[in-house]
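Following: one structure in structure tokens, then a few remarks.
We did not get these values from a lab; they are worked out from the coordinates using the rules stated. In this text the structure is predicted, and so the values were computed from the model without any measurement. Note that we place each Cβ from the backbone using ideal geometry, even for glycine, and neighbour counts take in every protein chain shown.
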Amino acid sequence: MSREEALLLIEHAQLSSLLQAAAGVRGRSKGRTVSYSKKVFIPLTHLCRDYCGYCTFRADPAADGEPYMTSQEVLAVAEAGRRAGCKEALFSLGDQPETIFPEARAFLRRQGFERTLEYLTAMGRLVLEHTGLLPHSNPGIMPEVDLRRLKESNISLGLMLESASPRLRRSGGPHWKAPDKVPSLRLQTIEQAGRLSIAFTTGILIGIGETAEERIDSLLAIRDLHKKYGHIQEVIVQPFRAKPGTRMALEPEPSTEDLLRTLAIARLIFGGDMNIQSPPNLLSDDYPRLLEAGMNDWGGISPLTKDFINPEAAWPQISVLAEKTATAGFVLRERLAIYPEFSSRPGFVGAPLQSCLQKLQGEDGYART
């Protein structure tokens, strides 16, 4: 699909026809299978040097308490996740807080590290060795040296592009005062991951003030990198949700129709083989409607920990998710933090991860039951 075709469809196509086309493309490649990953959420640090207009995850240093989770806390959460049947350890954290917070630098030095990404690498290795959970980290922009190190202990990595539009960084915009939201830097990280054969998750955040053209350009930028390296295992289409206490607390949220239309366009842009995801907890009880738009994955669902990025939005219970997925005519399958089609590709899973992967993976590449 060309840029012109995508723009024409997102702005003028009848929604029912658009959904039907996207569902048809999904069905020919994915059948009736919809996947999810059972994860435990590890918020390594809430400190971040970015001040995005919609984020409640980030925080400045508190007077009491450590600025990062300690290794004991990380292992305790991971072990609780293992006992609950989780197979993915999702690490989320702010971008390079040590560059602006002396409290972050002091903590890292006490642990024997200089940078947050070094500490993350060590914590991922710790979780992998002690619990067998497969780490997946979302640490922000990363240089190649850190991507190489993280690949040794992370089965996959992620970085939301959010938007390819530099306009959103203007004064007062959603990415104002967010040095890590420069689109070229985020695309550079995604490209470097491709060169290193890292199974990668990315996507867009819709409803933060972008135009239809900018939304399409963001999806096409991701597609261009995937065409070049073939490493993007899933594309997320995530709706903006207004949160009290943020600069964008009073901004309008995208409608369900807008989300469905964008999901369908994403499916048509990427074709049938790409895994397209949208979080069910961000659409309340209406989330089965997302299946109409050609998506095939619900993302990570935790039976234990909340969604720290969207703490107001509770995960659906997995039994309820399975029931509603079945009612919509699909079969829910548990996958791992790496999709089956990537776990078997040469070069994507290093030796340190292979033994843990084999213990958790069934013959068809999905999670062992």
| Simple Cβ-charge dipole of the range 156-279, Lys/Arg +1 and Asp/Glu -1, about Cα centre, in debye nearest 20 | 340 debye
| task | Take the alpha carbon gyration tensor of the range 226-268, find the square roots of its eigenvalues, order them as a ≥ b ≥ c, and report rounded if a/c is under 1.5; if not, report prolate when a/b exceeds b/c, else oblate. | result | oblate
| Among all helices in the chain defined by DSSP H, which have a length of 20 Å or more along the axis from Cα atoms plus a Kyte-Doolittle mean of at least -0.5? | 15-30, 116-131, 256-270
| field | Highest to lowest packing among 95-108, 295-308, 338-351, scored as the average C-beta count within 10 Å | value | 295-308, 95-108, 338-351
| remark: Hull surface over four for the Cα convex hull of the range 51-210, reported in nm², is 10.1 nm²
| field | Extension reserve of the E213-D273 stretch, reckoned as 0.36 nm per residue once the Cα distance is removed | value | 19.2 nm
| task | Kindly provide the Kirkwood hydrodynamic radius of the range 1-106 in Å, to one decimal, from all pairs of distinct alpha carbon atoms. | result | 18.1 Å
| request: Quick one: dipole size for the range 68-214, taken about the Cα centre, charges +1 on Lys/Arg Cβ and -1 on Asp/Glu Cβ, in debye to the nearest 20. | output: 140 debye
| query | Relative contact order of the range 141-253: what whole-number percent is it, with Cα pairs under 8 angstrom and at least 6 residues apart? | reply | 28 percent
| If you rank V74, V320, V127 by fewest surrounding Cβ atoms within 10 Å, what's the result? | V320, V74, V127
| message | Which one, F57, G207, A104, is farthest towards the positive end of the dipole of the chain when Lys and Arg carry +1 and Asp and Glu -1 on their Cβ? | response | A104
| remark: The extension gain from D60 to S2, computed as 0.36 nm times the residue separation minus the Cα-Cα distance, is 16.5 nm
| query | Of T121, L47, N296, whose Cα points farthest to the positive end of the dipole of the chain (charges on the beta-carbon: +1 Lys, Arg; -1 Asp, Glu; origin at the Cα centre)? | reply | T121
| S255-V182 FRET efficiency (beta carbon distance; Förster radius 30 Å; 0.05 resolution) | 0.55
| message | With no other cysteine's Cβ closer than 4.7 Å, which Cys residues of the chain count as lacking a disulfide-compatible partner? | response | C48, C86, C356
| note | Under Stokes-Einstein, the range 198-257 at 4 °C and 1.567 mPa s, with its Kirkwood radius over C-alpha pairs, diffuses with a coefficient in µm²/s of 99 µm²/s
| query | Given the range 221-369 reduced to its alpha-carbon atoms as identical point scatterers, what log10 I(q)/I(0) does the Debye formula return at q = 0.10, 0.15 Å⁻¹? | reply | -0.42, -0.93
| said: Take R195 and E79, extend 7 Å from each Cα along the Cα→Cβ direction, and tell me the distance between the two endpoints in nm. | reply: 4.1 nm
| note | Burial-style ranking of 244-253, 188-197, average other-beta-carbon count within 10 Å with highest first, yields 188-197, 244-253
| message | Under 8 Å for C-alpha pairs, at least 6 residues apart: give me the relative contact order for the chain, rounded to a whole percent. | response | 25 percent
| field | Charge dipole (debye, nearest 20) of the chain; +1 at Cβ of Lys and Arg, -1 at Cβ of Asp and Glu | value | 620 debye
| query | Along the positive direction of the dipole of the chain (beta-carbon charges: Lys, Arg +1; Asp, Glu -1; about the Cα centre), which of S137, S197, V320 reaches farthest? | reply | S197
| query | At each listed q (0.08 Å⁻¹), what is the log10 of I(q)/I(0) that the Debye formula gives for the chain modelled as equal alpha-carbon point scatterers? | reply | -0.37
| task | Before rounding to the nearest 500, sum -39500 (n - 2.57) across all DSSP H runs of length at least 4 in the chain and divide by the residue total; then give [θ] at 222 nm in deg cm²/dmol. | result | -12000 deg cm²/dmol
| message | Need one number: nm distance between label points at F308 and S355, each 7 Å from Cα along Cα→Cβ, rounded to one decimal. | response | 2.9 nm
| P(r), alpha carbons of the range 285-369 - 10 Å bins starting at zero, rounded % | 14, 38, 34, 13, 0
| request: Pull up the DSSP beta bridges for the chain and report the antiparallel fraction as a percent, rounded to 5. | output: 5 percent
